[in-house]
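For reference, the structure discussed in these notes is given below.
The values are calculated or read from the model by the stated rules, or taken from the named source; none is laboratory data. Predicted model only: the values in this text are computed from it and were never measured. Because the Cβ atoms are built from the backbone with ideal geometry, glycine has one as well, and the counts that use them run over all protein chains shown. Ligands, DNA and RNA are excluded from the accessible area calculation, which covers all protein heavy atoms including side chains. Shrake-Rupley method; radii C 1.70, N 1.55, O 1.52, S 1.80 Å.
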Amino acid sequence: AVSGCPEDCADHADRCLQAALAMIEAATAIPQPDGSATTVRIGVNSGPLCSGLIGLANPRFSIFGDTVNTASRMASTSESCAENQTFVHVSEQTALLISQELREALRALGLGVLEREKLV
């Protein structure tokens, strides 16, 4: 997912984190075939990226660049979200952009931005 593209928006970091939490909530509500909770991994990074249509026969919109690669790497190397756990790994660039209002809302939910920029 991406926020602030193609047009800038001042609260893109907040929007991404709110979307990440909604994705976790939706995914964990769906049990695996063995009955265990569905787990997800999410990494959020902020910065420049490139976007465009890729392919001729079946064109698809895609985003790419170091910002996207970093978010992907953060997700792939992070802890999975399991039952009663919420982990959204946030880069330093994104942590600096999170509004005080969202930080306070997260604290009210028992969540918050912690050391190493892990949203827990």
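What the table below lists for this structure:
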| item | result |
| --- | --- |
| Qualifying residues in the range 26-62 (those that are in contact with a Pro (Cβ under 8 Å, 6 or more places away or on another chain) and at pLDDT 85 or above) - the one nearest to Leu96 (Cα to Cα) | Ser51 |
| Count of the range 1-31 residues which are of a type in the set (Gly, Ala, Ser) and open to solvent by 100 Å² or more (accessible area, probe 1.4 Å) | 2 |
| Qualifying residue in the range 102-118 (condition: part of a strand (DSSP E or B), open to solvent by less than 70 Å² (accessible area, probe 1.4 Å), modelled with pLDDT of 70 or more and within 16 Å of Gln18 (Cα to Cα)) | no |
| Selection status of Gly65, touching a Pro at 6+ places or on another chain (Cβ under 7 Å) and either under 19 Å from Cys5 (Cβ atoms) or modelled with pLDDT of 80 or more (or both) | yes |
| Some residue of the range 7-26 being of a type in the set (Asp, Glu) and in contact with a Leu (Cβ under 8 Å, 6 or more places away or on another chain) | yes |
| Test result for Leu53, over 28 Å from Arg107 (Cα atoms) and in contact with a helix residue (DSSP H, G or I) (Cβ under 6 Å, 6 or more places away or on another chain) | no |
| Qualifying residue in the range 61-68 (condition: part of a loop (DSSP other than H, G, I, E, B) and more than 21 Å from Leu106 (Cα to Cα)) | yes |
| Scope the range 51-60; condition open to solvent by 80 Å² or more (accessible area, probe 1.4 Å) and in a loop (DSSP other than H, G, I, E, B); matching residues | Leu56, Ala57, Asn58 |
| Given (1) buried (at least 17 other Cβ atoms within 10 Å of the Cβ); (2) aliphatic (A, V, I, L, M); (3) under 19 Å from Leu106 (Cα atoms); (4) at pLDDT below 85, index of the condition Ala82 fails | (1) |
| Residue in the range 32-50 that is most open to solvent (accessible area, probe 1.4 Å), counting only those that are within 17 Å of Ala75 (Cα to Cα) and among the hydroxyl-bearing types (Ser, Thr, Tyr) | Thr39 |
